[in-house]
Amino acid sequence: MSKKNIYSFTQEELIKELVENPIKQFPSFRAKQIYHWLYTKYEDDFSKMENLPKELREFLKDNYTSNAVEIARKEESSDGSVKYLFKTLDNLTYEAVFLKMKEDKFTFCLSSQIGCKVGCSFCLTAKGGFVRNLSIGEMVYQVVAIKKDQNIPSNKAVNIVYMGMGEPLDNLESVKGCISILSELDGLSISARRQTISTSGIAPKIKKLGALNLGVQLAISLHAVDDKLRTELMPINKAYNIQAIIDEVRTFPIDSRKHVMFEYLMIDGLNDGLESAKKLVALLNKIKAKVNLIYFNPHEGSIYKRPSKEKVEAFREFLLKKGLLCTIRESKGLDISAACGQLREKELHN
Ligand code: SAH
Ligand code: SF4
């Protein structure tokens, strides 16, 4: 029987594993101790969990794995962001990025799938097609590994964005599990409020996510203000067009202090003019929205170009004047193949 990934259980589920398994039963308080080792001390060697009885350490070693994923490669950018390439037991790779925001704030950008089914024309992840979903443990491990590698104490609050490789709503079961584990108070203690799910706009799944009432933040990858261009960039727009997405967003339960984020990839000459900005303002009318402008990050073979700084800033100015919140995503880590999928692409072709 294959071993279960130790990073795939909430504390309650871990208690069940200890108390209800047919091999040997252990008291429930041991789950809290194991959690402490895994998520506070970042210890992944069961034999070193010294306050656990030997019998339990052996039970863990025989039935669970703590090293189903390893860091295969790491690239550091001059701005302090670090991109990690992880390798799974079946020799597949996926990425996560550690971003240093201002005032000592950290954001971790996580992957949810290896590859992606959505097939956006500007995205490198899409190029390789879809390989498989990440498991809960494979997702959670991204956070543990980065916190450990960056020496970030467990009580230091960090933000999580599901904006790496993959479409999180196409792997909602695992993403949901990951959110619960990350938010465990005896573990990493990253509340759902600090976690943002970014989606290409699969309308019925946004509804499903809303109904789960997890308390997470929502980000929509909009990228265009008319259906013709959006369909060209994101074929999923044929199934769920801009209006269908906006309708879902209007009923999504959001924290009264928060906003729905609309990501808008700026591509030279395609969607970066003020006429697009004007349409965007009209589209987001009466939505508690925050727009995040992203510079298109060119990669080999891409037909699109990065817009000028002047264009992006003029776009932002226009939105601000109309009363919309708007930030520009600094091209963090441009020198470390920042856009999602680029480190993996490098590894595959080396
Ligand atoms: N699949 C989800 C989750 C994130 S996709 C979604 O589409 O929302 C990864 C993020 O990287 C998206 O915000 C996307 O807009 C951005 N991205 C993809 N390719 C990019 C590129 N070449 N340059 C800049 N950003 C890119
Ligand atoms: Fe998938 Fe997001 Fe890339 Fe589109 S942008 S292909 S949805 S990962």
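Among all residues of region 126-141, there is at least one that is among the aromatic types (Phe, Trp, Tyr) and part of a helix (DSSP H, G or I). So which residues in region 211-240 are of a type outside the set (A, V, I, L, M) and assigned to a helix (DSSP H, G or I), if there are any at all? The answer is Asp227, Lys228, Arg230, Thr231, Glu232, Pro235, Asn237, Lys238.
The residues on offer are Phe262, Phe252, and the sole one that is surrounded by 15 or more Cβ atoms within 10 Å (Cβ to Cβ) and at pLDDT below 95 is Phe252. Scanning region 98-128 for residues that are among the basic types (Lys, Arg) and either touching a Gly at 6+ places or on another chain (Cβ under 9 Å) or within 11 Å of ligand 2 (Cβ to nearest atom) (or both) gives Lys100, Lys117, Lys127.
Residues in region 266-289 that are of a type outside the set (A, V, I, L, M), under 30 Å from Pro253 (Cβ atoms) and surrounded by 18 or more Cβ atoms within 10 Å (Cβ to Cβ): Asn271, Ser276. Looking only at residues in region 57-67 that are touching a helix residue (DSSP H, G or I) at 6+ places or on another chain (Cβ under 6 Å) and not in a strand (DSSP E or B), which one is surrounded by the fewest Cβ atoms within 10 Å (Cβ to Cβ)? The qualifying residue surrounded by the fewest Cβ atoms within 10 Å (Cβ to Cβ) is Lys61. Scanning region 202-256 for residues that are closer than 19 Å to Ser180 by Cβ and within 13 Å of ligand 2 (Cβ to nearest atom) turns up just one, Lys205.
The values are calculated or read from the model by the stated rules, or taken from the named source; none is laboratory data. Since we're looking at a predicted model, the values are computed, not measured. Cβ: placed from backbone, ideal geometry, glycine included. Neighbour counts: every protein chain shown.
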